[in-house]
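Student: Could you have a look at this structure, given as structure tokens, before my questions?
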Amino acid sequence: MERRNIRQIKTSYIPRRRKKTFKRYQVMFLTFLITLISVFAIVQLIHFLKSPIYDNGFIPAPYGTNVSEKVKKAEETEIPEWIDVQLIHKHSTARTGFRLADIDNIVIHYVGNPGSTAQNNRDYFDKSSTEVSSHFVVGLDGEIIQCVPIYEKSAASNERNRDSISIEVCHKDETGKFNEKTYSSLVKLVSWLCNEFSLDESQIIRHYDITGKECPKYYVENEDEWEKFKSDVEEMLDE
Ligand SMILES: [Zn+2]
């Protein structure tokens, strides 16, 4: 009886001790983890406070990430006078202020709202409830409005918002075809961007090429016209 009692005490004691030891490791691990996270947070905070966010109006890339040369260039690029700069205010996902990771593509869209002007679309992006935007809108009279800085993310091209410049294009009817004035302004704008950021014809893509969405409608339905557009840009690049 005595022996049995001792054994019972021992066996009930061992697991408790083990449990205690395990807890100590848990605490040590948690302390280590919290220290690590705190150091990381402090480094990021210092980097953020030191950045020229208040002057330039953009949120810097996190400390430790490589900022693309093209994005650095975009920060210093002067916007030509034929572009009407009307930046939208920072709000929701339309303009987060986050910097682009890179500039790998130019993505063409159509607004999908026949007869609307570039100004209408820009003002829509600026609404606090709107969650979409593009860097540029090309209008029915060939006017070009810039809505988001070219070194910041816009919200038009899904997973490619991070490394592309987006252009929304106005159209007069449901076919989505761009009129002559709109078309030639678009060619001019895309050529300028290609020149500035050393992009070639293959880097001009449609929203369709990213998600399969029928955008820009006319240039998804008419593949030849899309090819023609790219060759018109290329021709202007050669000039
Ligand atoms: Zn689109």
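Every number in this text was worked out from the coordinates using simple rules, so none of it is lab data. This structure is a prediction, so every number in the text was calculated from the model and none was measured. Reconstructed Cβ throughout: ideal geometry from the backbone, glycine too, with neighbour counts over all protein chains shown.
Student: Where does the chain land at 222 nm, in deg cm²/dmol rounded to the nearest 500, when only DSSP H runs of n ≥ 4 count, each adding -39500 (n - 2.57), divided by all residues? Mind showing how you got there, number by number?
Tutor: Values: 8 runs with 113 residues, N = 239.
After summing the helix terms and dividing by residue count, I get -15500 deg cm²/dmol.
Student: Report the calculated FRET efficiency for Ile42 and Asn179 (r = Cβ-Cβ distance, R0 = 41 Å), to the nearest 0.05.
Tutor: Details: r = 55 Å, r/R0 = 1.34.
For R0 = 41 Å, the calculated efficiency reads 0.15.
Student: Between Leu189, Leu49, Leu30, which gets the highest mean-square fluctuation from a Gaussian network model of the chain, Cα cutoff 10 Å?
Tutor: Greatest mean-square fluctuation among the candidates belongs to Leu30.
Student: How much length, in nm to one decimal, is gained on full extension between Glu81 and Thr31, taken as 0.36 nm per residue of separation minus their Cα-Cα distance?
Tutor: On the way: separation 50, 0.36 × 50 = 18.00 nm, distance 5.63 nm.
Taking 0.36 nm per residue and subtracting the Cα distance, the gain is 12.4 nm.
Student: While we're looking at this one, here's another question. Work out the P(r) tail for the range 161-239: percent of alpha carbon pairs separated by more than 18 Å, whole number. Display every interim value, and only then the final one.
Tutor: Details: 1216 of 3081 pairs.
So the portion of pairs separated by more than 18 Å is 39 percent.
Student: Which value in nm describes the separation of the simple spin-label points at Leu49 and Thr211, placed 7 Å from the Cα toward the beta carbon?
Tutor: 4.0 nm
Student: Collect residues whose amide H, placed 1.01 Å from N in the peptide plane, falls under 5 Å from the amide H of Ser166; neighbours closer than 5 in sequence don't count.
Tutor: Hits under the 5 Å cutoff: Val107, His135, Phe136.
Student: For the chain, with only Lys/Arg (+1) and Asp/Glu (-1) charged at the beta-carbon, what is the dipole magnitude about the Cα centre, in debye rounded to 20?
Tutor: Details: 32 positive and 37 negative charges, 864 e Å.
Using only the charged Cβ atoms, the result is roughly 4160 debye.
Student: Also, I was wondering about something else. I'd like the antiparallel share, as a percent to the nearest 5, of DSSP beta bridges with both residues in the chain. Provide the component values of the computation, followed by the final result.
Tutor: Values: 5 of 20 bridges.
The answer is about 25 percent antiparallel.
Student: Right, here's the next one. Can you compute the modelled spin-label distance between Glu235 and Glu159, with each label point 7 Å from Cα toward Cβ, in nm?
Tutor: It is 3.6 nm.
Student: Normalized C-alpha radius of gyration of the chain, against 2.2 N^0.38 Å?
Tutor: Details: Rg = 27.3 Å, N = 239, 2.2 N^0.38 = 17.6 Å.
In units of the 2.2 N^0.38 Å rule of thumb, it is 1.55.
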